[in-house]
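Heads up, the thing below is written out as structure tokens.
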Amino acid sequence: WPLRVSGHPILETSAESTATARPHLRRSMSGGGCSIRAIWILTPNDAVAFSRRFAVVEKRWRVAWEAEGVGKGAEMPLPADYEVAAAFANRRRREGTARGSGIRTNLSSVGLDSWVDDPITRHIISLQIDKEEGGGFMLWPVVLQKRGSYYVLVLPLVDPQSFKAFESLLKRPDCGSSAKENGNLSSILLNLPCITGAFMVANVIGDIITGDVAEPEVIVSSGPSVGGLLDSLTGSIGITARSKPSAAPVAAPVASVSSPVGAAQSDSLKGGIRPFDKELLRSFIIGAMPFGTPQDLNYGNVSSIRTTGYSADPLPTDQKQPAWKPYLYKGRQRTLFSSLETINAALYDRDDVPDFLSVSGQLTCRAELEGLPDVSLPLTGLKTARVEVSSFHHCVQASEPTGNKQSLLFQPPLGNFVLMHYQAPCNIDPPVKGFYQLSMVSENEGAFLFKLRLMEGYKSPFLMEFCMVTMPFPRRRVASYDGNPSVGTVSMTEHLIEWRIVSSGRGLSGRSIEATFSGTVRFHPRTTQRVNSSFRSATTTAFAEDSDCEQDITKNGANLDDYLMEKMNKDLQAVDLEEPLSWQAYNYAKVSFKIVGGTLSGLIIDPRSVTIYPSVKAPVEYSMQP
């Protein structure tokens, strides 16, 4: 059985769930390229929780139609909130789910998004508004994004020609489209930069209502910097997330962006829906997109401007202020860098199957510098690290790698940001090696054996602070286990057994140890549960969304946990009756760990080689420890 080893450094990047910097809209887009007619936030019960309309953009919509010689724009005004809620609920019923299938099926009819037969209609939808006095009209393009329990709908301004082109697609008899075909949905959307802007608006609004607006953290080292970091990778099997690092994060020069959101999110749940701070969202919209035209969608920038105002110092005449730095920093100057590396490994302990080792990392920066200086950062160890893929923040100009070095030149934005992402093979053996065996003694009992070696070949200053082994059993419920490990403690939950070899506060450095654990695990007898026909229908719908299906299942009385487990495993076939626990994604044990003391890739930076122009007295710190 393969032993999967995963670890990643504890650079505090909880706010960057997508590993990308917060969105910025260039001013070139605001020059008529992207304007928003309206924003709605709907609850799962199809009620409008928040809405915002922009009268200036709406007037441009009507003028554009009048210029076409038709007064159709006046016949398609922005609907009332209750009309939007009714149209969204009607679309959900007709398409099957909130997003729909995106492809034409036997349930599709003329006028539905699925009739267009393009998966993008799951994210860029249309709403049919029915008026009480008769008639009706269509809203398009409505960018749809689901965040938490809410649906965020953003309606950008488009030209009448694009609107008419989409109307014709809703009525055409044939289905499917070719990338080379003129007039297909993709070609229409490619000519609309407002679509990209609307997605960015929906994304940042979703971050605000879910509280995901904090910056990536950069830790200030309390002592000499010693090297890279590794931490446990825990998301895939439900292990609790790692704790916050003990060192305090760098204090931002602006008011905390997470406090007001967190305060709203900590309120009691009403009707099962987590509330959000509407005043905070309203204030952000006013600052980020005045009169419906997005200017800067960086939450930290907008909050800082509202708190401290714009810089009063004039810029030199030969310098242009970049879009990612809307105001200048004032205060104590310093530059901070912090590294994060994630190692993913699959150890098979077989001669015919090679082990897999990979390292991905990122370099995070915070430059508290006055004015608009240029920062030059030399990277060393490229040849040693054998970097295969690298990407940079949009403020970075990267030179061509020469030998073992590469130079980065950038004008840093405000706050913390991810300067660089990279991927490289692991140049040294993983800190945990060994094998794992599991065989069934009877239908409800299995025997297992672990034999691991920790920190073999790792010398000081490498320090293992945490190590845990997890045995997942997603299709069986664990009743009990027998066995005592040679080191560490063991605990169990309903679907897994956890073996903590090294606990926090008791590190392992300068030596290697061997850890063994053998025993048996007993499972509850299998039970066959009946589910109604609507439940079976929901589980076999390939395009059904979690949120929509969960509501249907709850109404039908089925067990939600059982449904989610069945949905997750429905495509995983058992490989052998003799090994009923061994199939595809679950034939492994997982090791999670945290290490400090050095990078596994070999890619490093030298703080003494960082230069700032114009020259200023600003210390440079490179911290890679929790």
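The values are calculated or read from the model by the stated rules, or taken from the named source; none is laboratory data. Computed from a predicted structure; not experimentally measured. Cβ atoms come from the backbone with ideal geometry, glycine included; neighbour counts cover every protein chain shown. Accessible surface is based on the protein model in full, side chains and every heavy atom, while ligands, DNA and RNA are left aside. Shrake-Rupley method; radii C 1.70, N 1.55, O 1.52, S 1.80 Å.
Please determine whether any residue of the range 431-454 is β-branched (Val, Ile, Thr), touching a residue at least 60 places away in the same chain (Cβ under 8 Å), within 27 Å of LEU363 (Cα to Cα) and surrounded by fewer than 20 Cβ atoms within 10 Å (Cβ to Cβ).
Quick first cut of the range 431-454, residues β-branched (Val, Ile, Thr) only: 432, 441.
Keeping just the survivors that are touching a residue at least 60 places away in the same chain (Cβ under 8 Å) gives 432, 441.
Filter again for within 27 Å of LEU363 (Cα to Cα), leaving 432.
Cutting the leftovers down to surrounded by fewer than 20 Cβ atoms within 10 Å (Cβ to Cβ) gives us none.
No.
Given the residues SER460, SER491, SER509, which is the only one that is open to solvent by 40 Å² or more (accessible area, probe 1.4 Å), modelled with pLDDT of 90 or more and among the small types (Gly, Ala, Ser)? Lay out the reasoning, then the answer.
On the way: SER460 fails: modelled with pLDDT of 90 or more; SER509 fails: modelled with pLDDT of 90 or more.
Being open to solvent by 40 Å² or more (accessible area, probe 1.4 Å), modelled with pLDDT of 90 or more and among the small types (Gly, Ala, Ser) holds for just one of SER460, SER491, SER509, which is SER491.
Examine the range 431-450 for a residue that is in the same structural domain as SER504 (by the TED database), outside any strand (DSSP E or B) and farther than 20 Å from ALA345 by Cα, and state whether such a residue exists.
Checking the range 431-450: at least one residue is in the same structural domain as SER504 (by the TED database), outside any strand (DSSP E or B) and farther than 20 Å from ALA345 by Cα.
Considering only the range 68-92, how many residues are touching a residue at least 60 places away in the same chain (Cβ under 8 Å) and either outside the structural domain of ASP113 (by the TED database) or assigned to a helix (DSSP H, G or I) (or both)?
The qualifying residues number 6.
Yes or no: THR20 at pLDDT 80 or above, part of a loop (DSSP other than H, G, I, E, B) and among the β-branched types (Val, Ile, Thr)?
no
List every residue pair whose Cβ atoms sit under 9 Å apart, with the two residues 6 or more apart in sequence or on different chains, where the first one lies in the range 129-146 and is more than 11 Å from PHE199 (Cα to Cα) and modelled with pLDDT under 90 and the second, anywhere, is of a type in the set (Val, Ile, Thr) and exposed (fewer than 15 other Cβ atoms within 10 Å of the Cβ).
As it stands, the answer is none, since no pair meets every condition given.
Taking PHE392 and the conditions (1) at pLDDT 90 or above; (2) over 26 Å from the mean Cα position of the chain (by Cα), which numbered condition does it fall short on, given that it satisfies the others?
The failed condition is (2).
Here are SER186, SER168: which of them is over 28 Å from the mean Cα position of the chain (by Cα), modelled with pLDDT under 90 and surrounded by fewer than 17 Cβ atoms within 10 Å (Cβ to Cβ)?
Exactly one of SER186, SER168 is over 28 Å from the mean Cα position of the chain (by Cα), modelled with pLDDT under 90 and surrounded by fewer than 17 Cβ atoms within 10 Å (Cβ to Cβ), namely SER168.
Can you go through ASP355, ASP351 and tell me which one is within 26 Å of ILE604 (Cβ to Cβ) and open to solvent by 20 Å² or more (accessible area, probe 1.4 Å)?
ASP355
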